[in-house]
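J.: I have a structure I would like to understand better, so I am pasting it below and will then ask my questions one at a time.
The values are calculated or read from the model by the stated rules, or taken from the named source; none is laboratory data. Being a predicted model, the structure only gives us computed values, none of them experimental. Neighbour counts run over all protein chains shown; Cβ positions are idealised from the backbone, glycine included. The accessibility values were calculated without ligands, DNA or RNA, using every heavy atom of the protein model including side chains. Shrake-Rupley method; radii C 1.70, N 1.55, O 1.52, S 1.80 Å.
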Amino acid sequence: VIALNIFLAMELDTTLRIPLASMKLFILSVRARMIDNNYHNWNHVVDVTQTVFCLARASGLYETLSDKQRLTLYLAALCH
């Protein structure tokens, strides 16, 4: 839910015309492919994604990025 909410807050579904259903399936696919690890687990992925998003917003970086760069930042955090 948090990963999808971050995506929605970035408004990439609107600006890049990414269907919400497609992003939901992608996020679930990433989660399903997580390896069994005590640290690098889904909670860690969501934590990193939220932290990257918050730091980008707080630092002013977010406003300097294009929509494609914002998507890249989101995907990098989600799939790291």
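J.: What longest range of the chain stays clear of loop-exposed trypsin sites (Lys or Arg not before Pro) (DSSP non-H/G/I/E/B, at most 13 other C-beta within 10 angstrom)? Could the numbers behind the result be given before it?
T.: On the way: sites that count: ARG17, ARG33.
With a cap of 13 other Cβ atoms within 10 Å, the longest stretch comes to 34-80.
J.: Additional query: The chain: which chymotrypsin sites (Phe, Trp or Tyr not before Pro) are DSSP loop and have at most 14 other beta-carbon atoms within 10 angstrom? Provide the component values of the computation, followed by the final result.
T.: Numbers: sites: PHE7, PHE26, TYR39, TRP42, PHE53, TYR62, TYR74; in loops: TYR39.
Taking the chain and a limit of 14 other Cβ atoms within 10 Å, the loop chymotrypsin sites (Phe, Trp or Tyr not before Pro) found are TYR39.
J.: Let me ask you something else. For the chain, report the % of Cα-Cα distances exceeding 17 Å.
T.: Tail of the P(r) past 17 Å holds 43 percent of the pairs.
J.: Could you report the chain's accessible area per residue, 1.4 Å probe, as an integer in Å²? Intermediate values should be presented prior to the final figure.
T.: Details: 5310 Å² over 80 residues.
In whole numbers, the chain has 66 Å² accessible per residue.
J.: Quick one: compute the contact order of the chain, relative version, from alpha carbon pairs under 8 angstrom and 6+ residues apart, as a percent.
T.: Details: 46 pairs, mean separation 31.4, N = 80.
Across the chain, relative contact order equals 39 percent.
J.: Another question, then. In region 18-50, whose amide N lies under 17 Å from the spot 7 Å out along Cα-to-Cβ of ALA9? List them in ranges.
T.: Inside the label zone: 43-50.
J.: Taking the Cα atoms only, what angle lies between the long axis of helix 20-32 and the longest principal axis of the chain, rounded to 10 degrees?
T.: Rounded to the nearest ten degrees, it is 30.
J.: Which of ASP13, ASP67, ASP36 ends up with the largest GNM mean-square fluctuation for the chain, with Cα atoms connected below 10 Å?
T.: Evaluated over the chain, the most mobile residue of the options is ASP36.
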